[in-house]
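Participant: Input: one structure, supplied below.
Taken together, the values in this text are just the output of simple stated rules run on the coordinates, not laboratory data. As the structure is a computational prediction, the values presented were derived from the model and not from experiment. Every residue, glycine among them, receives a Cβ derived from its backbone with ideal geometry; neighbour counts consider all protein chains shown.
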Amino acid sequence: MTRVMQRHIKESAIAVAAVALLVTGAAQGFAQESVAVRAVMTTNALPVDDPNAAAWNTAPQAQFPLSPQVHWQNRIQEVTVKDLKVRALNDGKQVAVLLEYADPTEDPADAAALEFMVGDKKAHFAHGQPMAQVEGGPVNIWFWRNKDGKGVDMSAMGFGTLKTQTHQDVTAKGAYSNGTWKVVFSRNLTTDHPAEDMQLKPGEFINIAFAVWDGRKDAAGDLVEKGSQKAVSSWWYFRAEAPPDYSGYLYAALAMGLALAFQFVLIRKLKKGQSA
Amino acid sequence: MGSLTKPVILLVVIYLLLKFVVPNIPGSAPLPSSLIFLYLMLTIAGIVIFATMSGESKDAFWGPIQRFLTGENIGALQTARFALLILFPLLVGWETYGSTAVSDAPPAENRTIHPAPPGEYTGLSNPVAKTPDNIMQGKGFYAAFCSPCHGGSFDGKGPAARGFNPPPANFSDPTTIAMLQESYLFWRIKKGGVGLPIEGMPWKSAMPRWEVELPDEWIWKIILGEYDGAHQSPRTWE
């Protein structure tokens, strides 16, 4: 390789590195607007009881904006919690989801919930309310309230149909400190009730939505956020990561081997033909 | 490599024709890249058939290519030859990885923004007269029911908008209500997001089904107020 060529290669390598740095830097800035939660795979025990465990730092954080529930009655025009940070982990058997959000006061009625579609049918994010032209299915809601201190497995299919399930599979644990709530929800990836419970298959994207209630009371002593008066989100995506799949590399290596062999055979044949 | 000059020029010309000339023929449209690729492959096949039809033309065509690949007598082109022999398997590996590896991206959203309305909601005309009074009333209803999401300035940036995906429509944008008929708006407001057909992804829509809460007359007045407030006009039959 000549000097000139070496210099060209060096220069282009520097340029590529610079562009790569720029792009990753820009990508960090966009981390605020997420569309999906990645429940990364871990071989350690899931921190299902500890919202403050260090293990959570190994999971990437997704952030979603919340709106006051103005879609259906009874509406609320302003809510306390405006943004929600979400992390998740899975170990192939169980999934754990951590919600983190700012709430100025700790109240017994503080609550949070995750919502999932069930089975193959789509469901409207407002408790699976019926859709005129699409046959919708139910939703599975995992609910936590501070004063109950546990997870509640619920189902709904339309307004006014929210009910606690007969079989409870969800656990939840909340921790409040310095104006921040951290709530962990956990459940097995699959349950024995696929007609009512969301079933999670590693590697598959499913829909998830969030709701949060600030259990503060107004001057008259009434709860401001309760029932349908809450902070809500739209449908976003959730995926439990499967163990790393290297098959793409395997196929690529195989294909490269074939391409090299093809080149060898072709050139040998051509050379034989030339000398003949 | 003189025998390859003409085929290469031909391919480049055909590519440029397909990419830049054909789309501008009246009634035509930009060609998808897969179609352009197909036509180029057909052209190459035609070139090879043509070039190998007689014994002499075959040697004249393949000779330089053969010599390049075997490295015989090509002097300065040795670097190019090595580059090709290394890059070809790498390219094959790269493409194979790309098509077989598990993707990290969530499913693509192919939501139809303005799906077709049901038959009974086409061709309706606004029964409310377009008077300043009615417009004012409409704007009042808009402020009460619609502005939390669609904004006091009709721009889709109401205080309640930020958590919803898809976001509330921006009426001041020329691609929303300015492109639609009042009849369409009546359908969307009355039947709400849950009234959308499947291609509109009704399960994601935060648009309320206002027929449950508002009489038709109020909805028609809101439509008047909305167009006036957003400084837009409805699309007409023509």
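Participant: Decide, for the range A:32-247, between rounded, prolate and oblate: order the square roots of the alpha carbon gyration tensor eigenvalues as a ≥ b ≥ c, take rounded if a/c falls under 1.5, and otherwise choose prolate if a/b is larger than b/c, else oblate.
Facilitator: oblate
Participant: Continuing with this model, one more query. Over all directions, what mean area does the Cα convex hull of chain B project, stated in square nanometres?
Facilitator: Computed as one quarter of the Cα hull surface, the answer is 21.2 nm².
Participant: Just to be sure I follow: if Rg is taken over the C-alpha atoms of the range B:119-229 and Rh is the Kirkwood radius over the same atoms, what is Rg/Rh?
Facilitator: Rg divided by Rh gives 0.93.
Participant: Please state the charge dipole magnitude for the range A:32-247, taken about the Cα centre, from unit charges on C-beta atoms (+1 on K and R, -1 on D and E), reported in debye and rounded to the nearest 20.
Facilitator: Numbers: 21 positive and 27 negative charges, 23 e Å.
Magnitude of the dipole: close to 100 debye.
Participant: Rounded, prolate or oblate, given the Cα gyration tensor of the range B:2-99, with a/c below 1.5 counting as rounded?
Facilitator: oblate
Participant: Which loop-located GluC sites (Glu not before Pro) does the range B:175-225 contain, where loop means any DSSP state but H, G, I, E or B and the Cβ has at most 15 other Cβ atoms within 10 Å?
Facilitator: Values: sites: B:182, B:199, B:211, B:213, B:217; in loops: B:213.
Sparse-neighbourhood loop GluC sites (Glu not before Pro): B:213.
Participant: Along each of the three principal axes of the Cα atoms of the protein assembly as shown, give the extent in whole Å, ordering the values from largest to smallest.
Facilitator: Projected onto the principal axes, the Cα atoms of the protein assembly as shown cover 101, 66, 45 Å.
Participant: Further question: Calculate how steeply helix B:78-100 sits against the longest principal axis of the alpha-carbon atoms of chain B, using the helix alpha-carbon long axis, and give the answer as 0 to 90 degrees to the nearest 10.
Facilitator: The two axes meet at around 40 degrees.
Participant: Tell me, what ³J(HN,Hα) does each residue in the range B:194-208 have, in order and in whole Hz, if you take phi through Karplus 6.51 cos²θ - 1.76 cosθ + 1.60 with θ = phi - 60° and put x for Gly and Pro?
Facilitator: Rounded to whole hertz, the list is 5, x, 6, x, 4, 6, x, 6, x, 5, 9, 7, 8, 5, x.
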